[in-house]
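Input: a single structure, listed below in structure tokens.
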Amino acid sequence: LMGKNSKAAVLEAYDSEGGQTYFTNAVTEIALEEGAQLEYCKIQRESSEAFHIGTTQVTQSRGSSFVSFALSTGGHLSRSDCRVALMEEDASCELSGLYLGDHEQVLDHQTFVDHQKPDGKSRQFFKGLMAGNSRGVFRGHVMVRQDAQRTDAQQTNKNLLLSDAAKVDTQPQLEILADDVKCSHGAAIGQL
């Protein structure tokens with residue numbers, strides 16, 4: 001819980017050595033009060049045989065700022081969900097991430113940014129590098145509700161395949177119910 005006009009930086013890390021098989025199921029809930037600013041970094045580099053399911057849920061009040069970076073390099077199967085609700089005016093969030101896959105890994109990032117009130121701003125920028133038989137997934141959803149006039153939202157996903165067997169599934173998505181908005185989204189997959 002971030003109090004009014006507070007500032008903080010938080011690092012959340014999941015790390016292990018060796019080829020142990022286990023399951024991580026983590027939930028992080030963040031509430032930003034008026035004017036609060038949080039820089040949040042999540043690093044997931046668990047065992048190559050591990051399974052990781054993580055959810056980060058954020059609610060933002062007026063004028064608050066949430067800046068997030070997610071790095072995924074470990075786990076046999078890893079899924080990271082980030083859900084942000086901009087519940088009051090002038091709230092902003094920046095979500096960025098990097099996933100690096102190899103062998104038989106599946107690295108999955110899902111985002112949902114919910115613009116509920118006017119003058120909100122969001123940016124999403126995720127990159128993936130996939131080698132071996134790995135698979136990357138990005139599904140980003142931006143919702144602009146009817147009352148969220150003057151929303152400014154951008155979403156980008158760029159991927160590079162380093163082998164013939166690597167795959168990426170990407171699905172940037174905009175759902176806009178307001179009529180005075182500036183929104184864009186795009187995705188690219190390239191191969192060496």
_Whole-Hz couplings from phi, Karplus 6.51/-1.76/1.60, listed for segment 148-162; x for Gly and Pro_ = 8, 5, 6, 6, 10, 10, 10, 9, 9, 9, 10, 9, 10, 9, 9
_Student exercise, the chain dipole from Lys, Arg, Asp, Glu Cβ charges, in Debye to nearest 20_ = 280
_In segment 149-165, whose amide N lies under 18 Å from the spot 7 Å out along Cα-to-Cβ of residue 180? List them in ranges._
149-153
*Once amide H atoms are built 1.01 Å from N in the peptide plane, which residues 5 or more positions from residue 94, or in another chain, come under 5 Å H to H?*
66, 67, 68, 123
*Using amide H atoms built 1.01 Å from N in the peptide plane, name the residues 5+ places from residue 81, or on other chains, whose amide H lies under 5 Å from its own.*
54, 55, 56, 110
*Listed residue (19, 77, 35) projecting farthest to the positive dipole end of segment 1-86, Cβ model*: 35
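Which FRET efficiency value, to the nearest 0.05, is calculated for residue 133 and residue 1 with the Förster distance at 45 angstrom and r the Cβ-Cβ distance?
0.60
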*Principal axis lengths of segment 26-95 from Cα atoms, whole Å, largest first?*
43, 15, 12
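Values quoted throughout were computed directly from the atomic coordinates according to the rules given, and no laboratory measurement underlies them. This one's a predicted model, so the numbers in the text were calculated from it and none came from an experiment. Glycine also receives a Cβ, built like all others from the backbone with ideal geometry; neighbour counts cover every protein chain displayed.
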